[in-house]
Amino acid sequence: MQKPWLIFAIAVTVMWGLWGALTAILLDGDTPSTIVYIIWALTMIIPCVIALKLVGWKIEKDSRSIALGSAIGLLGSGGQMLLFHAVDIGPAYLIFPIVSLSPLITIVLSFFILKERTGKLGSLGIIIALITLPLFEYSQGNSESVHGVLWFILALSVMLAWGLQAYFMKFSSEHMSAESIFFYMTITALALIPIAAFMTDSEA
């Protein structure tokens, strides 16, 4: 019996959509994006503990696993910090669709490095997705012109970071467990909290 990967993929899409909407609502108030990052990082502790408990607290500790896990975590957490700032200054309804194109990066890297291939329909989907990027436009007048450029650059940066992260996840999955990957993601997310706290005063 095949794994229900499609169900998981749909569930992730729905949860990310809800998460994005809630993030936009929270940042629409007076809460600095750095504080939102700190809250997000702390919430990772609970699922991390649950995941490790389910596998008997077994974690891959070799140098390769540590390097790959740290790379995955830093790309994810760094992208998260950029995303929260982007949503703080730009339109969430455009930022999240751009970020959602991050699998394109993963697909391209998998194609050239891992020699994976997709069908004609998949190739058509990739081309259409690439065409949509120049169509994103948002303006609130001249006073927002700088932010109008900045949020788009930040959104593209998050798309790139998360695309690379997903590629490393795919590559690492043959060497280490998902629970170990999530553990290193949690550790790196928590490690960036002091940086976020230091940056909070500048956003206040």
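Checking each residue in the stretch 41-61 for being open to solvent by 40 Å² or more (accessible area, probe 1.4 Å) and among the aliphatic types (A, V, I, L, M) picks out Leu42, Ile45, Ile46, Val49, Ile50, Leu54, Val55, Ile59. Could you check the stretch 6-40 and list, in sequence order, the residues that are part of a loop (DSSP other than H, G, I, E, B) and open to solvent by 100 Å² or more (accessible area, probe 1.4 Å)? Residues satisfying the conditions are Asp28, Asp30. For Gly69, the conditions (1) within 27 Å of Phe152 (Cα to Cα); (2) under 15 Å from the mean Cα position of the chain (by Cα) are fulfilled apart from (1).
One residue stands out among those in the stretch 64-105 that are hydroxyl-bearing (Ser, Thr, Tyr) and within 25 Å of Val149 (Cα to Cα): the one that is modelled with the highest pLDDT, which is Ser77.
Scanning the stretch 165-203 for residues that are of a type in the set (Ser, Thr, Tyr), out of contact with any Ser or Thr (no Cβ under 7 Å at 6 or more places or on another chain) and within 14 Å of Ile66 (Cα to Cα) yields Ser172, Ser173, Ser177, Thr186. Among the residues examined, Leu101 qualifies as surrounded by 13 or more Cβ atoms within 10 Å (Cβ to Cβ) and not in a helix (DSSP H, G or I). Quick check: anything in the stretch 42-50 touching a residue at least 24 places away in the same chain (Cβ under 8 Å), part of a helix (DSSP H, G or I) and either in contact with a strand residue (DSSP E or B) (Cβ under 9 Å, 6 or more places away or on another chain) or farther than 14 Å from Ile181 by Cα (or both)? The answer is yes; a qualifying residue exists. Apart from one condition, Thr132 fits all of (1) of a type in the set (Ser, Thr, Tyr); (2) open to solvent by less than 60 Å² (accessible area, probe 1.4 Å); (3) modelled with pLDDT of 70 or more; the exception is (3). Within the stretch 146-201, restricting attention to residues that are in a helix (DSSP H, G or I) and among the acidic types (Asp, Glu), the residue that is nearest to the chain's Cα centre (by Cα) is Glu179. When the stretch 138-172 is limited to residues that are modelled with pLDDT under 85 and polar (S, T, N, Q), the one that is most open to solvent (accessible area, probe 1.4 Å) turns out to be Asn142.
The values are calculated or read from the model by the stated rules, or taken from the named source; none is laboratory data. Not measured: the values here are computed from a predicted model. Positions of Cβ are backbone-derived with ideal geometry, glycine not excepted, and every protein chain shown enters the neighbour counts. With ligands, DNA and RNA removed, areas are computed over all heavy atoms of the protein, side chains included. Shrake-Rupley method; radii C 1.70, N 1.55, O 1.52, S 1.80 Å.
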